[in-house]
Each structure stands twice: as structure tokens, then as C-alpha cells.
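Worksheet: one structure, shown below.
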Amino acid sequence: MTTMSYREAMRTALREALAGDPRVFLMGEDVGRYGGTYAVTKGLLEEFGPERVRDTPLSELGFVGAGIGAALGGMRPIVEVMTVNFSLLALDQIVNTAALYRHMSGGQFSVPLVIRMATGAGRQIAAQHSHSFENWYASIPGIKVLAPATAQDARDMLAPALADPDPVIIFEHAQLYNTEGEVTAERQADIRTAAVRRPGTMVSVVTYGGSLPKALAAADQLAADGVDAEVLDLRVLRPLDTATILASVRKCRRAVVVDEGWRTGSLAAEIMARIVEQAFYDLDAPLARVCSAEVPIPYARHLEDAALPQPAGIVAAVNAVLGR
Amino acid sequence: MIEFKLPSLGADMDEGKLLEWMVKPGDLVKRGQAVAVVDTAKAAVDVEIWQDGTMFEQLVPIGATVPVGTVLATLLEPGESAATAPRRAAMPLPGGQAPAPAVAAGMAPAIGPAVAPPVAPTVTPTGAPIAAPPPGQRRPVSPAARARAQELGLDIDGVAGTGPHGAVTLADVVLAAAVRTAAPVADPPPPPPLRRPHRPWCPRPRRLRPRRRRHPRWRPPTARWRCARRSARQ
């Protein structure tokens, strides 16, 4: 077991994938010479050469489409999109092509493509680089959506994503790259199930990605105040592991969903809907959610902090649900 | 023997102060007649009697504050004799002396040991007062609490809520059920039942449907009238 940063864990996974399968190659803006905007692919160009670590022009539509073509042609491409904000330029390729090819071809073609993208705010890089659109992708049949939130998951989830015959999108929250965690040599994570990060009994705090450390910090504060909160990390945003969510909610009978996306139409809304559909009679209090303020994410530090879910807001929501 | 007990006159009432007796021992009383004035935390309220009878012993002195459910007085049922009626110990005055209860004139007090009445104050299962919801609003009860109360056969209206916005939670129901199981069955059971709370502004339960009123000159149809109707039809 070694301690490494989320960034190093992701790089380790990429290195293992490149070394283990000659069909795997990396492609994206600045992934080669510059080492990746978030320095994830640093050193890989030197290690594997320009055939397998390819810098692309600034055209998401173009290089995601090229990735789809390579996947159809038998390769296992890993395409990096700098942030989810820019992936909107490639939505047509992802939604109309990658997600639909199995269906449109009557099962003759599959697109074994992995798209990695950074997401989220908190680094003062302003509105056009800070949004969270995980819920958009999580609503599309035909693709899988992962959100590893720990170093262990960052290392573990890439290999099964590559092995999957359909397109898989991996969201890496920009705030997580510098977080550290222990990573075991053997793989722990799959790409089907959610994980209970902190067992508890009084309220189920359901979250994913960059909000997980905030939820855990809030749970620590609550524990000091006598509230035993369970923290559930979704890990897989599509398909949602509804069984694990319901098991946690049925145990705690109260739930707070923490989601960095905007409230309206958020993934939190979908999770709450599923809880109410399937566990209404187990609930002991109305559900609550902590989401981002419905504004473009501000640049100024204090405004950005105010717009995002924070541990204090999670604590307040939990206390409100508990009637404290 | 009829026991006249202090009813709960409001959702937040757990005791009351006797201000006045409106009848004397020996007076005949009718069901629905106001017989005493009791001060709650909010107002002086006329308290009515629920059965016809004759006022026998008034056990609580004017000015005493007693819990809800305390026997204020005993009444003789119609036909019951004062000579054979059992006697109760009157409540001591604040000075510490135990006065003889006010007894109906002409009803000779029988000599014998006084029997202390069991005082069973009405409490909510959790001991907390149950606030009635504002008019037009439902009292919040969590789905889990409602389901469990139904399972246990527990009346959810009698359970105090401690959850968000005063909601009844699962824990409240479990506690209320535990209290219900633990509490010995009082003899007689404490009045009034929780399902029918008395409110100061409406001390008499309203009839759900107004009594049907006949025209003052209405008479039941006679056989002759029916015959007339029949022949008119033919």
C-alpha cells in the first residue's frame, strides 16, 4: 500500500493501461509536450513516444470524433477533454455518435472509447472553466459515467472502463488532483457500485466526485456534535447504483444529497426522485440537497466559495433534516 | 356514583385552578350543564357535566390547582341513595387541614373510612403537550412514523412530534408505544380520550350534522292520512 496523490494515481492507471495493451493510446489538447493541463500525463510522452501520446488541435469535435473512429477501428483510445465546459463542443460526437452506434448499427458496432475530463470549480478559473455537467451525461443511454473521488478509485476505474465495450466518460474533479490517499496494489473498485465511505446511522449524505471530501469534513463536524452521518460516494453516475442508495436511506431514514451541479434538473434531483419513488414509506424526514447556487461560477474567491456546496452548508442541511 | 373529573380544556392544559362551583351539593344537574368555572393558563372556562345526576360531594376547594383528570366532585346517579354512596376524602386546603367535603344538605354523612380517589392525570404519551395544527394545515407526520403507528395500532394524533417543524418521527412513535406498554392500565382510564380533545373556545363537541328540525306544527302521518293518499292516487 502506498500513499499517492489523485493525480499520481490517475497517471499510474494510464501508464499501466499503455504498458498493458498496445491498442491503448492517449489523445487530447496538451497531453503530450505540456504534460496535460492538470499535469496528469506528465512524463508519458517521453515514456511511450508520440505515437501513443498525441497532442491534438484545439477542436473537441474533431479529436473526440477521431477517437470514436479509432475505437470503431479496433483501438482503445483514451481521449482527454480539458474540462467538461469544452466537452460541449463535442456533444454531437458523444451523444449522437458514440452513445448511439451500438443501437443504430443493430449491435454490429461498439465504441470502446474512454473520455476523461476535468470538472468542477474551486480553483478560481472562472465560469467558462468551472461548471459541472455530469448530470447531462448521466442522462444519456448508451454511455457509462464514472466519477472517481479517491486516489484508489482513480487508479482502479480506468482499466474496467477500457475493458467496457461501450463509451465511458470519467469525470475528474479539478479540486481532487492534489488530494492524497492510500492505494493498494490490487484493484478495489469496479464500475458498477457506489461505496459507503463512512458508515453511520442517523442520516445518509449522498454525494460524488469533488463534493466527497466536503461531505466527509461535514460528517466529522457532525460527529463532534453527536450526529452519526453515513457518507455514500456514488462513484458511478450512470447507471446509478440505486440499490446501495436505497439501502443506506432505508437504514438512516433521512438523506441529504450533495451535488456541485446547479440545483434545477441536477443529479441530486434524480437521486431524490428515486428515493421518494422507492423508499417513501421508510423516510422519517423530508429530503434535502446542497447544490451550487444557480449563477455562473464566480471568479472572486469569496464569491466562488459562496456559490459552491461547503461543509458548513452540509452540516446545516443535515441539522435541518434532523430537526436540530 | 358518578365521578366528575377535571377535563383537559385545551391542547396545552395539564392542570387547572377551580374558581367557582356553579351548583351546590344536592342540586340536580343535567347533562351539558355548566357546573364549575376553571381557570386554565388562558381563560376562565365553564366546565360542563356529562351525565344527569345529583351533586353529592365537592372534593376540591375553591382556589386549588389540580391536574387534569382529578375528581372534582362526585354525583349521585338518578335513583342512587346518599346513605349508601361511598365517600371520598376531600382535598386538603392550602393550610394543611383536611376539610370535610361539602356534602349535599339533608344527606347525612355516613361514618366510615374515607377512600382516596385514584388520581390519573391525562398525559400525552411522551409527556409533552400536543399542539393542534393551525387551521387548514396538516400536522406533519413522517411516512415512516405513520407506517409504524399503523402497525402498532397507535393513534398518531396522540403522539407528540419532535422532528423538523414539530413533525412526528419514527422515534416519537416508538417512544409513545413504549410508554403505552409500560403504563399500567389506570382504573378508571384517564379521561378525556385523546381522540376528542376539548378546546377552551369550543368546550362542547359540535354535532357533525345539525339536528333535523321539524316544522313546529308537524305531526307524524296518521293512518287516515295514508288512506286518503291512497284513494287520491286511484
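The values are calculated or read from the model by the stated rules, or taken from the named source; none is laboratory data. Since the model is a prediction, treat every value here as computed from it, not as a measurement. So basically every Cβ, Gly included, is an ideal-geometry build from the backbone, and we count neighbours across all protein chains shown. Accessible surface areas use protein heavy atoms only, side chains included; no ligands, DNA or RNA. Shrake-Rupley method; radii C 1.70, N 1.55, O 1.52, S 1.80 Å.
Residues that are surrounded by fewer than 17 Cβ atoms within 10 Å (Cβ to Cβ) and of a type in the set (A, V, I, L, M, F, W, C) within the range A:16-61 comprise A:19, A:39, A:58, A:61, listed in sequence order.
Quickly run through the range A:114-137 and pick out the residues that are assigned to a loop (DSSP other than H, G, I, E, B) and under 21 Å from residue A:213 (Cβ atoms). Scanning the range A:114-137 gives A:120, A:121, A:122, A:123, A:124, A:125, A:130, A:131, A:132, A:133.
Would you confirm whether any residue within the range A:234-249 is surrounded by 17 or more Cβ atoms within 10 Å (Cβ to Cβ), in contact with a strand residue (DSSP E or B) (Cβ under 6 Å, 6 or more places away or on another chain) and within 14 Å of chain B (Cβ to nearest Cβ)? Yes, there is a match, as at least one residue in the range A:234-249 is surrounded by 17 or more Cβ atoms within 10 Å (Cβ to Cβ), in contact with a strand residue (DSSP E or B) (Cβ under 6 Å, 6 or more places away or on another chain) and within 14 Å of chain B (Cβ to nearest Cβ). On the stretch given as the range B:51-74, residues that are touching a residue at least 60 places away in the same chain (Cβ under 8 Å) and of a type in the set (S, T, N, Q) total 2. Scanning for something more than 28 Å from residue A:130 (Cβ to Cβ) and either crowded, with 18+ Cβ neighbours inside 10 Å or not assigned by TED's automatic domain parsing to the domain that holds residue A:122 (or both), does the range A:255-269 turn up at least one residue? No: the range A:255-269 contains no residue that is more than 28 Å from residue A:130 (Cβ to Cβ) and either crowded, with 18+ Cβ neighbours inside 10 Å or not assigned by TED's automatic domain parsing to the domain that holds residue A:122 (or both). Where residues in the range A:195-211 are in a strand (DSSP E or B) and touching a residue at least 60 places away in the same chain (Cβ under 8 Å), which of them is nearest to residue A:223 (Cα to Cα)? Checking each candidate, the answer is A:203. For the range B:9-40, a tally of residues being touching a residue at least 40 places away in the same chain (Cβ under 8 Å) and part of a strand (DSSP E or B) returns 8.
Only residues that are in a helix (DSSP H, G or I) and charged (D, E, K, R) were counted in the range A:216-225, giving 1. When the range A:247-262 is examined, which residues are found to be within 17 Å of residue A:234 (Cβ to Cβ) and part of a strand (DSSP E or B)? A:255, A:256, A:257, A:258, A:259, A:260, A:261, listed by residue number. Could you list, in sequence order, all residues of the range B:141-154 that are part of a loop (DSSP other than H, G, I, E, B), more than 8 Å from chain A (Cβ to nearest Cβ) and surrounded by 14 or more Cβ atoms within 10 Å (Cβ to Cβ)? Scanning the range B:141-154 gives a single hit, B:154. Being open to solvent by 20 Å² or more (accessible area, probe 1.4 Å) and in contact with a helix residue (DSSP H, G or I) (Cβ under 7 Å, 6 or more places away or on another chain) is the filter here, so list the residues in the range A:292-307 that pass it. Result: A:293, A:295, A:296, A:298. For the range A:197-205, the criterion of being open to solvent by less than 50 Å² (accessible area, probe 1.4 Å) and more than 14 Å from every other protein chain (Cβ to nearest Cβ) is satisfied by at least one residue. Considering A:116, A:123, the condition of being among the basic types (Lys, Arg), in contact (Cβ under 8 Å) with a residue 24 or more places away in the chain and either touching a strand residue (DSSP E or B) at 6+ places or on another chain (Cβ under 8 Å) or open to solvent by less than 60 Å² (accessible area, probe 1.4 Å) (or both) is satisfied by A:116 alone.
So that you can scan it fast, the table gives a plain yes or no per residue for (1) open to solvent by 10 Å² or more (accessible area, probe 1.4 Å); (2) on the phi < 0 side of the Ramachandran plot; (3) in a loop (DSSP other than H, G, I, E, B):
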| residue | (1), (2), (3) |
| --- | --- |
| A:161 | no, yes, no |
| A:171 | no, yes, no |
| A:176 | no, yes, yes |
| A:193 | yes, yes, yes |
| A:227 | no, yes, yes |
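Only helices (runs of 4 or more DSSP H) whose full extent lies in the range A:263-324 are considered here, and the ones with at least 1 residues that are within 14 Å of chain B (Cβ to nearest Cβ) and aliphatic (A, V, I, L, M) are A:267-279, A:311-322. Can you confirm whether residue B:43 is without any contact (Cβ under 8 Å) to a residue 24 or more places away in the chain and touching a Pro at 6+ places or on another chain (Cβ under 9 Å)? Taking the combined requirement at face value, the residue does not satisfy it. Taking residue B:54 as the residue in question, decide whether it is more than 26 Å from residue B:81 (Cβ to Cβ) and assigned by TED's automatic domain parsing to the domain that holds residue B:90. Taking the combined requirement at face value, the residue does not satisfy it. Taking the range A:1-106 and the strands (runs of 3 or more DSSP E) fully enclosed by it, the elements with 3 or more residues that are within 30 Å of residue A:184 (Cβ to Cβ) are at A:2-5, A:24-28, A:76-83.
Condition test on residue B:176, is it at pLDDT 85 or above and either outside any loop (DSSP other than H, G, I, E, B) or in the same structural domain as residue B:50 (by TED's automatic domain parsing) (or both)? Yes: the conditions hold for residue B:176.
Kindly provide the set of residues from the range A:285-312 that are basic (Lys, Arg) and closer than 30 Å to residue B:143 by Cβ, ordered by number. Of everything in the range A:285-312, just one residue is basic (Lys, Arg) and closer than 30 Å to residue B:143 by Cβ, namely A:289.
Conditions tested, residue by residue: (1) among the charged types (D, E, K, R); (2) modelled with pLDDT of 95 or more; (3) within 18 Å of the chain's Cα centre (by Cα).
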{"site": "A:1", "(1), (2), (3)": "no, no, no"}
{"site": "A:5", "(1), (2), (3)": "no, yes, yes"}
{"site": "A:23", "(1), (2), (3)": "yes, yes, no"}
{"site": "A:47", "(1), (2), (3)": "yes, yes, no"}
{"site": "A:53", "(1), (2), (3)": "no, yes, no"}
{"site": "A:59", "(1), (2), (3)": "no, yes, no"}
{"site": "A:73", "(1), (2), (3)": "no, yes, no"}
